[in-house]
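What follows draws every value from the coordinates through simple rules; no lab data is involved. This is a predicted model, so every value here is computed, not measured. Cβ coordinates were reconstructed from backbone atoms using ideal geometry, including for glycine residues, and neighbour counts include every protein chain displayed.
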Amino acid sequence: MAVKLSTRDEQLLNGQHGKAAQMAMRILVRMAEVQDAVEMMDVSQAHIDGCGLLSDTGLEFAETLASKGGKVSIPTTLNMGPLDLQNWKRFGVNEDFADKAIRQANAYIGMGCIPTWTCAPYQSYLIPRFGQQIAWGESNAICYANSVLGARTNRYGDFIDICAAITGRVPKCGLHLVENRRGQILLKLIDIDPVIMHSNAFYAILGHLVGSIAGDKIPVIEGLPNNVSSDQLKAFCAAAASSGQLALFHAVGVTPEANSLENAFQDGKPQRIIDIHLSDLQKSEADLSTARNGDKLDLVVLGCPHFSFDEFRTLARLIKVQTEKDKTLHPDVKFIVISCQTSYALLQRSDFLDVLADFGIEITLDTCVFHTPMVSSETKVIMTNSGKCAYYAPGQLGVQVAFGDMAQCVESAVAGCVRRKGTL
Amino acid sequence: MTTERVLIGRAIVAGSAKGTALVSREPLSLWGGISPHTGEIIDRRHERSGEVVTDRVFVFPRGKGSSTSSATLMESIKTGVAPAAIINLSVDPILALGCIVSDELYCKALPIVVLNEQDFYSIKEGDHLTIELDGKVLVSSKPLAK
């Protein structure tokens, strides 16, 4: 079925708005056909994920659009990129890689994107509002924007994101439409101690579990406390969008489209009801680790998604607990925290930047351990508090991974070996 | 060659291809799931971890995870390690996108077909498959003529 195009869509498609917009629109219309969209619609903000991975094809795509005169027509933020633009030399990134990464960054910035370079754009700048139609890439950010903010985006993959940003148009379908946002399955947290639900690790573990249970359905979670923090929801979204494909969930009494159970299901009924017990969460936690307790530890990675100011503060407090006992970072362990300029600017104004630096924390900005070559091939065992990092590290970095809460990560970094115990 | 069965699918990305089936019942994020340099399935939690998708018809229910999967697929097509075709159970726009952008940039893509549940689950590991332009899938347990 042919997609109904507006006059402006036709103009974009026949090149009246330039060659880049024409190419972008051609891709968008083909995607509209794939998704059975009847027509196109406006979006008023975009977040680009395609700037993250450095590949020859991705670079060529960005430079092709830029050389054809591509310019974004709506406010557009950038996901983390393949390089810490200020500090890459310190992390041993080779010049050839850096040259290409800088070219890719320049292509996107040249098209008018805002150099936010973060995978937690919802904690940064230009945060979308409730009901706003947006085109976001980055799986954790898509989930957060839809679920927590109540903005509306589909799962935009690399390259359609910049097409949407240039044209301001997307196929009208999926999660852009209210009727497709109703909850489909109900997940009930059964007898979970409220104390457990205060811990950040709980949210990564729950996310890992929910991602694998939900499949392609929209889950409604009943039983989460309404004082859950942004960082906790960030951890949940990142884990659930890695073990699964979660782009939208509702949490009754927590997220904006779920004031009540009826509201979350738009007055319909759940297709399935699944109880989640503590034992399910404990299994999910065990599944996040491939390394064993006592394994020699090479690297701790925190900040997946990017560390917030509040997380830096928590880390500083945990480090002080160790340094007050005259404990230091084990000489064989590297400790990397990934963050963005926005959080780092706040950190520089804090009274604990020195605590982190003196302990030996290496902070990298704008990028991610998966996308920049900063993890050496000698690295065998890493530890993280991130469900997403734990999910991807074995395949993407070729390492064994241990999942633990932030305190366990710090204790293990001091001990030089994995000191993991169940957090629940 | 005898075609034993003809399955009528929906061509998400149209194209023709031949290959033997690499079958999985689990979704996979292509970024973090497939190496665009070797074609190996590198998601160590995945049931087919260690297998190589190159030139196979990769039959798996759907993508998941990373929105960079489209970039991984396009890079795999360019480096020549991509599957011959993909057969899914539901439409995954991110996978289609990787093929469509590759087609725009390099005039090179791979076919993606979506089958109904019964047909999808009828394909067995090692089946010889021929994908046709209109989304038909010819299934044979014997090797295909070149």
Checklist entry - What list of ³J(HN,Hα) values in whole Hz, one per residue of region A:341-346 in order, does the Karplus curve 6.51 cos²θ - 1.76 cosθ + 1.60 (θ = phi - 60°) give from phi, with Gly and Pro shown as x? => result 4, 4, 5, 5, 4, 5
Next on the checklist: Please enumerate, by chain and number, the aspartates and glutamates with C-alpha under 14 Å from the C-alpha of A:Lys100, excluding those fewer than 8 residues away in the same chain.
Outcome noted: A:Asp56, A:Glu60, A:Glu63, A:Asp84
Item to check | Counted charge near A:Glu378, where neighbours are those whose Cβ lies closer than 12 Å (Asp, Glu -1; Lys, Arg +1) | outcome: +1
Checklist outcome for this item: Farthest towards the positive end of the dipole of chain A, among A:Phe312, A:Val381, A:Leu346 and with Cβ unit charges of +1 on Lys and Arg and -1 on Asp and Glu, lies the Cα of A:Leu346
Item to check | Nonlocal amide H pairs with B:Arg44, under 5 Å, H built at 1.01 Å | outcome: A:Gly395
Checklist outcome for this item: Descending packing, highest mean Cβ count within 10 Å first, for B:95-106, A:318-329, A:398-409, B:59-70 is B:59-70, B:95-106, A:398-409, A:318-329
Checklist entry - Is the shape of the protein assembly as shown rounded, prolate or oblate, going by the alpha carbon gyration tensor and its root eigenvalues a ≥ b ≥ c, with a/c under 1.5 for rounded and a/b larger than b/c for prolate? => result rounded
Next on the checklist: Using the basic label-point model (7 angstrom from Cα toward the beta carbon), what is the B:Ser49 to A:Ala345 distance in nanometres?
Outcome noted: 4.1
Checklist entry - What does the charge count near A:Val369 come to, summing +1 for each Lys or Arg and -1 for each Asp or Glu among other residues with Cβ under 15 Å from its Cβ? => result -1
Next on the checklist: Rounding to the nearest 10 and keeping the result within 0 to 90°, find how far the Cα-based axis of helix B:69-79 lies from the longest principal axis of chain B.
Outcome noted: 80
Checklist entry - If you project the alpha carbons of region B:31-107 onto their three principal axes, what span does each projection cover, largest first, in Å? => result 33, 25, 21
Next on the checklist: I need the calculated FRET efficiency for the pair A:Ser279 and A:Asn259, taking r as the beta carbon distance and R₀ as 35 Å, to the nearest 0.05.
Outcome noted: 0.70
Checklist outcome for this item: Partner shielding of B:27-34, taken as the mean number of other chain Cβ atoms within 10 Å, equals 5
Item to check | Between helix A:200-214 and chain A: long-axis angle, C-alpha atoms, 0 to 90°, nearest 10 | outcome: 50
Checklist outcome for this item: Other residues with Cβ under 13 Å from the Cβ of A:Leu346 give, with Lys and Arg +1 and Asp and Glu -1, a net charge of -1
Item to check | Listed pairs A:Lys217/B:Lys136; A:Lys334/A:Lys388; A:Lys19/B:Lys18 exceeding 24 Å between Cα atoms | outcome: A:Lys217/B:Lys136; A:Lys19/B:Lys18
Next on the checklist: Could you work out [θ]222 nm for chain A from helices alone, using -39500 (n - 2.57) per DSSP H run of at least four and dividing by all its residues? Round to the nearest 500 deg cm²/dmol.
Outcome noted: -11000 deg cm²/dmol
Item to check | By average C-beta atoms within 10 angstrom, highest first, the peptides A:149-161, A:257-269 | outcome: A:149-161, A:257-269
Checklist outcome for this item: Given a Förster distance of 51 Å, the FRET efficiency implied by the Cβ-Cβ spacing of A:Ala357 and A:Glu63, rounded to the nearest 0.05, works out to 0.85
Checklist entry - Average partner chain C-beta neighbours within 10 Å, per residue of A:48-55? => result 4
Checklist entry - For A:Arg90 and A:Asn226, FRET efficiency with R0 = 56 Å and r from the beta-carbon atoms, rounded to 0.05? => result 0.85
Item to check | Only Lys, Arg (+1) and Asp, Glu (-1) charged, at Cβ; chain B dipole about Cα centre in debye | outcome: 140
Next on the checklist: Give me the inter-chain shielding for B:88-94: mean count of other chain Cβ atoms within 10 Å, whole number please.
Outcome noted: 5
Checklist entry - Angle, helix A:387-397 long axis vs. longest principal axis of chain A, Cα atoms, 0 to 90°, nearest 10? => result 90
